[in-house]
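The values are calculated or read from the model by the stated rules, or taken from the named source; none is laboratory data. Quick caveat, the model's predicted, so the values are computed rather than measured. Reconstructed Cβ throughout: ideal geometry from the backbone, glycine too, with neighbour counts over all protein chains shown.
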Amino acid sequence: MAVRQPTSKTTSGDGSVIIWKFEGLTKTTDDTTEPIPWAEWADRSVQFLGTFGAGGTIVWEGSNDGGTTYFTLRDPFGNTISETGAGGEAVSEITGLARARVTAGDVTTDLDVYVLCRRQNPMRT
């Protein structure tokens, strides 16, 4: 299993918004993303892009035990975040860590993940 590091990390001027970008996740190496510290963010969304290939699936997972075990996180409607095509989801659950994991696909599967997190900032105008 390969753990993909972020290829970029963009922050707003006041540090209240951050976007992580992970590129090149594949099924052939059962890729995951480097876990993101998740608990400090008030709003969170994840977007999946790329070539899913035959049966390609990617899930968004969380962990509260320091990254030993993960479970699939849910959107605001209670649906697990498990995608077979390009799209995005808001994430309801707050966990200590969060990551993407490719669970199915073929040799053409090549996915990118964008994660946007926003801190609650009462001073923002």
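Couple of notes before you dig in:
- Residues within the stretch 28-53 that are surrounded by fewer than 15 Cβ atoms within 10 Å (Cβ to Cβ) and of a type in the set (Val, Ile, Thr), tallied: 3
- Condition met for residue 63 (at pLDDT 95 or above and either among the basic types (Lys, Arg) or touching a strand residue (DSSP E or B) at 6+ places or on another chain (Cβ under 9 Å) (or both)): yes
- Taken together, the criteria place residue 62 among residues that are small (Gly, Ala, Ser), outside any loop (DSSP other than H, G, I, E, B) and free of Cβ contacts under 8 Å to residues at least 60 places away in the same chain.
- Given (1) under 15 Å from residue 117 (Cα atoms); (2) assigned to a strand (DSSP E or B), number of the condition residue 40 does not satisfy: (2)
- Scanning the stretch 68-103 for residues that are surrounded by fewer than 18 Cβ atoms within 10 Å (Cβ to Cβ), within 22 Å of residue 28 (Cα to Cα) and either modelled with pLDDT under 95 or of a type in the set (Val, Ile, Thr) (or both) yields 69, 72, 84, 103.
- Considering (1) more than 19 Å from residue 67 (Cβ to Cβ); (2) at pLDDT 90 or above; (3) of a type outside the set (Val, Ile, Thr), the lone condition that residue 14 does not fulfil carries the number (2).
- Of the residues screened, residue 55 is not one that is under 16 Å from the mean Cα position of the chain (by Cα), assigned to a loop (DSSP other than H, G, I, E, B), over 18 Å from residue 3 (Cα atoms) and small (Gly, Ala, Ser).
- Within the stretch 7-27, considering residues that are in contact with a Lys or Arg (Cβ under 6 Å, 6 or more places away or on another chain) and either charged (D, E, K, R) or assigned to a loop (DSSP other than H, G, I, E, B) (or both), the one surrounded by the fewest Cβ atoms within 10 Å (Cβ to Cβ): 7
- Check on residue 30, in a loop (DSSP other than H, G, I, E, B) and under 16 Å from the mean Cα position of the chain (by Cα): yes
- Only residues that are within 22 Å of residue 67 (Cβ to Cβ) and either in contact with a helix residue (DSSP H, G or I) (Cβ under 9 Å, 6 or more places away or on another chain) or of a type in the set (D, E, K, R) (or both) were counted in the stretch 17-52, giving 8.
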